[in-house]
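In what follows, a structure is listed as structure tokens, so that the remarks can point back to it.
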Amino acid sequence: MELPFQIDLRGKTALVTGGGGVLGSCFSRALAACGAKVAIMNRGLEKGEHVAGLIRAEGGEAMAAACDVLDKDALLIARDAVRTKLGPVDILVNAAGGNHPAATTDDEQFGSAARAARDFFSLAQDGIRHAFDLNYLGTLLPTQVFAQDMTGRPGCCVVNISSMGAYLPLTKVVAYSGAKAAVTNLTQWLATYFARTGPRVNAIAPGFFVTDQNRALLFDQEGRPTARTGKILAATPMGRFGRPEELLGALLYLVSQEASGFVNGIVIPVDGGYTAYSGV
Ligand SMILES: NC(=O)c1ccc[n+]([C@@H]2O[C@H](COP(=O)([O-])OP(=O)(O)OC[C@H]3O[C@@H](n4cnc5c(N)ncnc54)[C@H](O)[C@@H]3O)[C@@H](O)[C@H]2O)c1
């Protein structure tokens, strides 16, 4: 796989939650291409096995672990399996996350059109809880489980995945935006908490990337861009979606002790200028 630059992760073990997803698989392959042994954790085994197979075909070492990031007991079992096969985790990338349709309104503003089928008043509590659990708890619990092997071992780090919704909420996606703001906040909290012993804890805030979880929002069934895509691209000064590989420079910088050993608690936006643009 093509990398923006090389760093040496030989001797390190990395674990990527959501490693079977579009961004997580790109992260997993990049870490392996730098020499890390990589555990790909996903809810089901199939997607993780696929990515592990790609890494092995590229000459790397990888294993897949089926585990729900919200199941602490399953996380502990997965930790033991990864420890046995690849050693204690040095690098944790918390890339499992996403929105839930039941936590998304159909309307951007109340009263701007005919009453929407799902407006703020009809959002289901379960959907809101799902978005908060997956993004916030789904970052906190794996960190609780895997960071235990990182304290007092120099060079360990955690990279979380925040979002543009953490800076200013995105219309419609109320709970996802709130949960990602909480991920940014958790990143800062953990960075402070572990600062004396490690791991370092930082985050990446991707702009807009076309992946499985948002494709239906961004393109219609004929593959034509939706009105939402038009708004996103108009708000992104570079006028296009990001490519997953364009997140790798930030990832490799944050996991490299040599490059970012004194960098702790930051969030790097990789967004084509989205956060810099007022919209006017
Ligand atoms: N795509 C974007 O534009 C964008 C922007 C900002 C942030 N993000 C974030 O990037 C991360 C990766 O998302 P993606 O866009 O690659 O989406 P994706 O849907 O391709 O990947 C998410 C992966 O997480 C896995 N997953 C979901 N719930 C899980 C659970 N409970 N336990 C274990 N695994 C679980 C899914 O199976 C999937 O493989 C997410 O946190 C997402 O919120 C994405």
## Note on the structure
In the stretch 22-48, anything outside any helix (DSSP H, G or I), crowded, with 24+ Cβ neighbours inside 10 Å and within 16 Å of the ligand (Cβ to nearest atom) is listed as V38, A39, I40, M41, N42
### Hits in the stretch 235-262 (condition: over 15 Å from the mean Cα position of the chain (by Cα), of a type in the set (A, V, I, L, M, F, W, C) and away from the ligand (no atom under 16 Å from the Cβ))
A259, F262
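Condition check ((1) more than 15 Å from S162 (Cβ to Cβ); (2) surrounded by 19 or more Cβ atoms within 10 Å (Cβ to Cβ)) across all residues:
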{"site": "P199", "(1), (2)": "yes, yes"}
{"site": "A203", "(1), (2)": "no, yes"}
{"site": "V210", "(1), (2)": "yes, no"}
{"site": "D220", "(1), (2)": "yes, no"}
{"site": "G223", "(1), (2)": "yes, no"}
{"site": "R228", "(1), (2)": "yes, no"}
{"site": "L248", "(1), (2)": "yes, yes"}
{"site": "L252", "(1), (2)": "yes, yes"}
{"site": "G261", "(1), (2)": "yes, no"}
### Task
Considering each residue of the stretch 177-227, count those that are within 10 Å of the ligand (Cβ to nearest atom) and over 22 Å from R243 (Cβ atoms), and give that number.
2
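Yes or no, residue by residue, for (1) touching a helix residue (DSSP H, G or I) at 6+ places or on another chain (Cβ under 9 Å); (2) in contact (Cβ under 8 Å) with a residue 12 or more places away in the chain; (3) under 23 Å from T275 (Cα atoms); (4) surrounded by fewer than 16 Cβ atoms within 10 Å (Cβ to Cβ):
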{"position": "S112", "(1), (2), (3), (4)": "no, no, no, yes"}
{"position": "L140", "(1), (2), (3), (4)": "yes, yes, no, no"}
{"position": "C156", "(1), (2), (3), (4)": "yes, yes, no, no"}
{"position": "V159", "(1), (2), (3), (4)": "yes, yes, yes, no"}
{"position": "V173", "(1), (2), (3), (4)": "yes, yes, yes, no"}
### Task
Scan the helices (runs of 4 or more DSSP H) fully inside the stretch 198-276 and keep the ones with 1 or more residues being within 21 Å of S25 (Cα to Cα).
215-218, 248-255
#### Entry: Unmet requirement for A74, which otherwise passes all of (1) surrounded by 17 or more Cβ atoms within 10 Å (Cβ to Cβ); (2) away from the ligand (no atom under 12 Å from the Cβ); (3) without any contact (Cβ under 8 Å) to a residue 12 or more places away in the chain
(2)
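Coordinate-derived values only; no laboratory data. Small disclaimer: the values here were computed from a predicted structure and weren't measured. Cβ atoms come from the backbone with ideal geometry, glycine included; neighbour counts cover every protein chain shown.
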